[in-house]
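The values are calculated or read from the model by the stated rules, or taken from the named source; none is laboratory data. All values derive from a computational prediction rather than experimental measurement. FYI the Cβ positions are ideal-geometry reconstructions off the backbone, even for glycines, and counts take in every protein chain you see.
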Amino acid sequence: MSNQREKISYEKPLLGFAAFSGTGKTTLLLKLIPELKQRGLRIAVIKHAHHNFDMDTPGKDSYELRKAGAVPMLICSSKRTVITIENETEADPTLQQMLTHIPADSIDMILVEGFKKWPFDKIELHRESTGKPLMYPDDDKIIAIAHDDKTPLKDTNLPQLDINNVNAIADFVIQYHQQHGS
């Protein structure tokens, strides 16, 4: 991630969920996305993985075509389209590169899980039980903190949300979308 300070540009609102591992980013998004969908938002998600992964199955045509060298490999049906792109280098792709694969006319907003060091607006998720420090003092792109402490955090004027209250977080995301949407 050599260009972590480059400006991220996309024609739809982009909002990140940043936290240390084990905080529950995916768990929250699994609850938040259906709530946002119910409220009328079409949501795309970009998730950063810190490891090698494969969504394809050995022996299937798409897997074999990809392994034969098809880059990108796109498979589609009436229900789903999947594009697989092999990265030529061992470096993580940039968030800006990932945005090029999302057709803006099909969504209202992108939620990002991970890419926490990149410069775009984020909600920090924090759980006391992880024993990890807050990121917000060192990241000026954190615009709110969702945490599990019943006592408001001191030394910040950022909005504070209950990490376990999906409706309140959805309200915040909807408000963000209304302020930054096109």
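Condition test on Val82, is it of a type in the set (Val, Ile, Thr), within 20 Å of the chain's Cα centre (by Cα) and at pLDDT below 90? Please lay out each step first, then the result.
Numbers: of a type in the set (Val, Ile, Thr): yes; within 20 Å of the chain's Cα centre (by Cα): yes; at pLDDT below 90: yes.
For Val82, the condition - of a type in the set (Val, Ile, Thr), within 20 Å of the chain's Cα centre (by Cα) and at pLDDT below 90 - is met.
Please tell me if Asp149 is on the phi > 0 side of the Ramachandran plot and either without any contact (Cβ under 8 Å) to a residue 40 or more places away in the chain or assigned by TED's automatic domain parsing to the domain that holds Asp108 (or both). Give the steps one after another, and end with the answer.
On the way: on the phi > 0 side of the Ramachandran plot: no; either without any contact (Cβ under 8 Å) to a residue 40 or more places away in the chain or assigned by TED's automatic domain parsing to the domain that holds Asp108 (or both): yes.
For Asp149, the condition - on the phi > 0 side of the Ramachandran plot and either without any contact (Cβ under 8 Å) to a residue 40 or more places away in the chain or assigned by TED's automatic domain parsing to the domain that holds Asp108 (or both) - is not met.
So, of the residues in the stretch 58-73 that are in a loop (DSSP other than H, G, I, E, B) and of a type in the set (A, V, I, L, M), which turns out to be surrounded by the fewest Cβ atoms within 10 Å (Cβ to Cβ)?
Filtering the stretch 58-73 for residues in a loop (DSSP other than H, G, I, E, B) gives 58-60, 69-72.
Now narrow it down to the ones that are of a type in the set (A, V, I, L, M): 70-71.
Numbers: Ala70: 14, Val71: 10.
My answer is Val71.
Condition first: of a type outside the set (D, E, K, R), touching a strand residue (DSSP E or B) at 6+ places or on another chain (Cβ under 8 Å) and closer than 20 Å to Thr130 by Cα. Now tell me which residues in the stretch 17-47 satisfy that. Show your work before the answer.
First, pick out the residues of the stretch 17-47 that are of a type outside the set (D, E, K, R): 17-24, 26-30, 32-34, 36, 38, 40-41, 43-46.
Add one more test, that the residue is touching a strand residue (DSSP E or B) at 6+ places or on another chain (Cβ under 8 Å), and what stays is 17-19, 23-24, 26, 28-29, 32-33, 36, 41, 43-46.
Residues satisfying the conditions are Phe17, Ala18, Ala19, Thr23, Gly24, Thr26, Leu28, Leu29.
Output the residues belonging to the stretch 87-114 that are within 13 Å of Ala18 (Cβ to Cβ) and at pLDDT 90 or above.
Listed by number, the residues that qualify are Leu111, Val112, Glu113.
Report every pair of residues separated by at least 6 positions or lying on different chains whose Cβ atoms are under 6 Å apart, first residue within the stretch 156-182 and small (Gly, Ala, Ser), second part of a strand (DSSP E or B).
Filtered contacts from the stretch 156-182: Ala168/Leu161; Ala168/Asp162.
Residues checked against (1) at pLDDT 95 or above; (2) under 15 Å from Ala19 (Cα atoms); (3) surrounded by fewer than 18 Cβ atoms within 10 Å (Cβ to Cβ); (4) touching a helix residue (DSSP H, G or I) at 6+ places or on another chain (Cβ under 6 Å):
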| position | (1), (2), (3), (4) |
| --- | --- |
| Lys116 | no, yes, no, no |
| Arg127 | no, yes, no, no |
| Pro137 | no, yes, yes, no |
| Leu153 | no, no, yes, no |
| Pro159 | yes, no, yes, no |
| Asp171 | yes, no, yes, no |
| His177 | yes, no, no, no |
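Being part of a helix (DSSP H, G or I) and polar (S, T, N, Q) is the filter here, so list the residues in the stretch 22-41 that pass it. Steps first, answer last, please.
Of the stretch 22-41, the ones part of a helix (DSSP H, G or I) are 25-38.
Within the stretch 22-41, Thr26, Thr27, Gln38 qualify.
Test Ser106 against the criterion of being surrounded by fewer than 10 Cβ atoms within 10 Å (Cβ to Cβ) and in contact (Cβ under 8 Å) with a residue 40 or more places away in the chain, and give yes or no. Give the derivation first.
Numbers: surrounded by fewer than 10 Cβ atoms within 10 Å (Cβ to Cβ): yes; in contact (Cβ under 8 Å) with a residue 40 or more places away in the chain: yes.
When the stated conditions are applied, Ser106 passes them.
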